[in-house]
Every structure is written in C-alpha cells, then in structure tokens.
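> One structure follows; several queries about it will come next.
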Amino acid sequence: MDFKEHLKTAWETTLQFIVPVILLTLVQMVAVTLSLGILAPVTTAGFTYSLLLALRDGREPKIGDLFSHMRLFFPLLAFGILAALATFFGFLLLILPGLLVIAFLIFATIYMIPLMTDREMGLFEAIKESWKMAVSKPLGDQIVLMVLYLVIMSVGGSIPLAILFAQPLATFLLLAVYEERMQNGKVAIEQGPPPLPGSEV
C-alpha cells in the first residue's frame, strides 16, 4: 500500500475543503462538550461519512452532516461505553494493559464507523468486517495506518487548536486506506477463486 500517496491525498483533500472541515470539526467539538460526550460517537459517524463523500465525490462537508446518522445513536453509544469500560479495567491493572486495550480496539474497529455509515452495516457486522479488513494481508499496512493515525491525532491534540486540522487530516487518511481496501475486496470478489488445474476449456 502506498501510504505516501494516501498521505498526499489526505493532505490535499483537507486543504481543498479547509474551511468546511475546520467548521465541521469545531461544531462537533462544541456538540460533544455540551452533551458531556454523549454525542461523540454519533457525531463522529456523521463527521466520517461527510468526509468520505468529500473524498469520494468532491462534495463539500456540511454542518448538518454531523447529525445525519442519528439512527446509530444507541448502537454507537453502547459500543463507546463498553470500549470505555474495557479501557478503564485495562488501566486498573497497569498502564501497559490499558494501552494494549486501546491499541487493540483501534486495530480491530478502525473501519467500523465507515462500514456502518457507508455500507449501512449493523454494529456487530461492522465490527466483524472491520476485523477481517484489519487482519488481511499485508498485516503491516494496518500497523502503519494505526501509527500514522495516532501520531497525527497526538500531535494535533498537543498543540492548541491544531486538532481542528489534525482530526480531518487523520480521518481523510483513514478513509483513503478504507477506499483502497474496499476496492481490493470488490476486485477479489468479482474475480472469484482461481480455476482448478485442468479445468480450463
């Protein structure tokens, strides 16, 4: 996988829609803060899908997109609570187990929200498919994606207001990889299994 090209795509798309995505990120942060985090999962779904349409179709992100997937409110809220509990118990053991839980959750479910919004999958189906995509070969690609995503978000979170740029950039990177993996999956399905020896006519 050409991560240099995906980073370039993420960077250029972020700059192309710089004003809308910064406004989108800012409004989401306000909504999450005012709701004490309750709206974080469902607005992340809307945020992700809005950026997917920008990346795929060149459609300008809109503030209303944040609330376009309210049907996912309860499934995503339940997942968020369970993920938070798992992380909490991990950190109760020690810092390392807590970090391992976080890493595993990101690794296993990084494609979950794109699948739920783009493919309209249910929660468990999306988790299962996200895991399948994550462990598909080459496995190193998934690890590189995780590292790049976390580095971008960490740098953005450590500099005042930089998260307004870093969050869209990291999301566009994730979605660029998601698009490639989905396309490769389609090709594999369309081509089907290789013919058995001697079966060619």
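The values are calculated or read from the model by the stated rules, or taken from the named source; none is laboratory data. Computed from a predicted structure; not experimentally measured. Methodologically, a virtual Cβ is constructed for each residue, glycine included, from the backbone with ideal geometry; neighbour enumeration extends over all protein chains shown.
> I need the full set of residues from the stretch 59-88 which are under 30 Å from Leu15 (Cβ atoms) and either without any contact (Cβ under 8 Å) to a residue 12 or more places away in the chain or in contact with a strand residue (DSSP E or B) (Cβ under 6 Å, 6 or more places away or on another chain) (or both), in order please.
Arg59, Gly64
> Could I ask something else about it? Give Lys137, Lys128 a once-over and let me know the one that is at pLDDT 95 or above and of a type in the set (Lys, Arg).
Checking each option against the conditions leaves just Lys128.
> While we're on this one: Please indicate, with yes or no, whether at least one residue in the stretch 147-154 is among the aliphatic types (A, V, I, L, M), without any contact (Cβ under 8 Å) to a residue 24 or more places away in the chain, under 27 Å from Met29 (Cβ atoms) and surrounded by 13 or more Cβ atoms within 10 Å (Cβ to Cβ).
yes
> Which pairs have Cβ atoms under 8 Å, sit 6 or more apart or on different chains, and link a residue in the stretch 99-123 that is farther than 19 Å from Leu173 by Cα to one that is among the hydroxyl-bearing types (Ser, Thr, Tyr)?
Val101/Thr87; Ile102/Thr87
> I would also like to ask the following. Given the structure, is Pro138 exposed (fewer than 14 other Cβ atoms within 10 Å of the Cβ) and not hydroxyl-bearing (Ser, Thr, Tyr)?
The answer is yes for Pro138.
> Another question, then. Please determine whether any residue of the stretch 97-105 is surrounded by 12 or more Cβ atoms within 10 Å (Cβ to Cβ) and more than 21 Å from Leu150 (Cα to Cα).
no
> Still on this structure: For the stretch 27-62, give me each residue that is farther than 18 Å from Pro114 by Cα and either among the aliphatic types (A, V, I, L, M) or touching an Asp or Glu at 6+ places or on another chain (Cβ under 8 Å) (or both).
Residues satisfying the conditions are Val27, Met29, Val30, Ala31, Val32, Leu34, Leu36, Ile38.
> Go through the stretch 137-162 and count every residue that is under 23 Å from Thr43 (Cβ atoms), more than 16 Å from the chain's Cα centre (by Cα) and in a helix (DSSP H, G or I).
Going through the stretch 137-162 one residue at a time, the tally reaches 4.
> Next question. Going through the stretch 75-99 one residue at a time, which ones are closer than 16 Å to Met112 by Cβ, hydrophobic (A, V, I, L, M, F, W, C) and touching a Pro at 6+ places or on another chain (Cβ under 8 Å)?
Answer for the stretch 75-99, where residues must be closer than 16 Å to Met112 by Cβ, hydrophobic (A, V, I, L, M, F, W, C) and touching a Pro at 6+ places or on another chain (Cβ under 8 Å): Leu76, Leu77, Phe79.
> A further question follows. Considering only residues that are within 17 Å of Leu161 (Cβ to Cβ) and loosely packed, with under 15 Cβ neighbours inside 10 Å, which ones fall in the stretch 27-59?
Those that are within 17 Å of Leu161 (Cβ to Cβ) and loosely packed, with under 15 Cβ neighbours inside 10 Å: Val30, Thr33.
> While we're here: Kindly list, by first and then second residue, each pair from a residue in the stretch 1-17 that is surrounded by 12 or more Cβ atoms within 10 Å (Cβ to Cβ) to a residue that is in a loop (DSSP other than H, G, I, E, B) and not small (Gly, Ala, Ser), limited to pairs with Cβ atoms under 8 Å and residues at least 6 apart or on different chains.
Sorted first by the residue in the stretch 1-17, then by its partner, the pairs are Met1/Pro138; Phe17/Glu60; Phe17/Pro61.
> Looking only at the stretch 106-136, filter to residues that are part of a helix (DSSP H, G or I) and among the β-branched types (Val, Ile, Thr); which one of those is farthest from Arg71 (Cα to Cα)?
Looking at the filtered set, the residue picked out is Ile106.
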